[in-house]
1. According to a simple spin-label model (label point 7 Å from Cα along Cα-to-Cβ), what is the distance in nm between residue 116 and residue 185?
2. Tell me the angle of helix 144-155 to the major Cα principal axis of the chain, expressed in degrees between 0 and 90 and rounded to the nearest ten.
3. What are the equivalent ellipsoid semi-axes of the chain, built from the alpha-carbon gyration tensor (square roots of five times its eigenvalues), in whole angstrom, biggest first?
4. Work out the FRET efficiency for residue 315 and residue 340 from their Cβ-Cβ distance, taking R0 = 45 Å, and round it to the nearest 0.05.
5. Pick from 346, 335, 94: which residue has the top mean-square fluctuation in a GNM of the chain where Cα pairs under 10 Å get a spring?
6. Can you give me the distance in nm between label points at residue 384 and residue 306, each placed 7 Å from the Cα along the Cα-to-Cβ direction?
7. Please list, in chain and number order, the residues 5+ apart from residue 350 or on another chain whose amide H is under 5 Å from its amide H, with Hs placed from the backbone.
8. What number results when the radius of gyration of region 273-365, computed over Cα atoms, is divided by 2.2 N^0.38 Å?
Amino acid sequence: MFCGCDSRVVPTTDSAAPQTQAQVSSHLSEGIAIPVTEPIVRVRLHRVGAGQPITIGEAGQSLTIRGGGAKIQIVGTVTLWREGGHWASRQGTPLSSAIINTPIIDVSAIDPMQVSGKSGRRYPTTIRCVADGDLFDVINVTPMSEYIPGVLAGELFEGWHDAAFEAQAVAARSFAVSECAQRQSRHWDVTDTPASQHYIGVPTWSQAQSTAAATAGQVLTFDGQIVAGYFSSCCGGRAATALDAVGPNPINSLAPLGGHGNPAACTHAPRYTWSDSWDAKDVARALQKFGARVGRSDLKRLRRVTAIRPIKPNQHGRPTMLDVGGAEVRCVDLPGIFTESGLKAPPSGWVSGRVRSGTLHLEGHGFGHGVGLCQYGAEDLASKSSAAHDILQFYYPGASITKAW
Ligand SMILES: [Zn+2]
């Protein structure tokens, strides 16, 4: 169970050729157009350091390796790394000079492929290696229909109700469409971690496949645009808005991403409420460090923390900001502020608490950013016979479910 997605744009140094994307029905200046053909999703699996090898495939597997206009076929695995500005390989794979010198190598097979460092997982369609000097990215390039089952298996528990899976499938597909549309000039669309949405390749259990197939091509739409289907593990009972908790991107201003006032459905979730403690000096240092990084002199000068108090609730009663000794911090930034200083992350930024004897005790609500679908709430609604459509209406009020392709 992971906390879902956010829309952080991760800086990259792109050297990739343009990737063919699905055609879109029209160009919208601010919103995301609804695709009319199935998008290809480019999932970054690894960022590989200089001289580090990656192995693709398994014994006896037929692999097709393409790059620089050349194509070779091998049986077995291929191990690749960067050396002196070109590709190197071992285990007798005779890469042609066209392949060695191209920035992009595609390895494809009929059956899913293993990738080293992702033990036990298999990935469909194509593994793409994109060079960036002597580093490279390893990217699974696969149609949306192959991608979504691996997200469902990464994000939900086997055996949860099918309606929860189907609602999650539509939300995850909508989020992925939004990311693909926004990253067309980059060489990957999403990571395989909860920074985008957790993806495990080809699932080993059938419910993820069947529920993805049952919703094939379905996306959330509003006013002719894609609704980015943000979701989190547990909203803690009150919804966040995408503008507050994801960011000021115009796509986040669509009405269905403004949250809802429905009663909490996730009250049985393990982190509906939680409590934890930190060394108060460590927390003060983390806030100072964040202040220095983002140019906030009030945080930089913060001497100590005696309490953290939630303030500025949104229209649903969920706080958007925290008061930390007279300085304000966005709730959504708190987990990252802790982790970038090496502290354990609070499950969410909706917290309150005081310092006693040098220890900051926090009470918190939910796990993740709280925008859009709440996974534990979706499962609770599904267990009470709600259909996927009803669950999506609950969390994305006013959105339509459109079969886009
Ligand atoms: Zn919830």
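FYI, it's all coordinate maths here, none of it is from the lab. Just so it is clear, the model here is predicted, and its values are computed rather than measured. When we count neighbours, we look across all protein chains shown, and the Cβ atoms used for this are built from the backbone with ideal geometry, even at glycine.
1. Going from the residue 185 label point to the residue 116 one covers 3.5 nm.
2. Tilt of helix 144-155: around 50 degrees.
3. Each semi-axis is √(5λ); the values are 38, 27, 19 Å.
4. Between residue 315 and residue 340 the formula returns 0.90.
5. Residue with maximal mean-square fluctuation among 346, 335, 94: 94.
6. Label-label distance for residue 384 and residue 306, simple model: 4.3 nm.
7. Correct list: 365.
8. Compactness ratio reported: 0.98.
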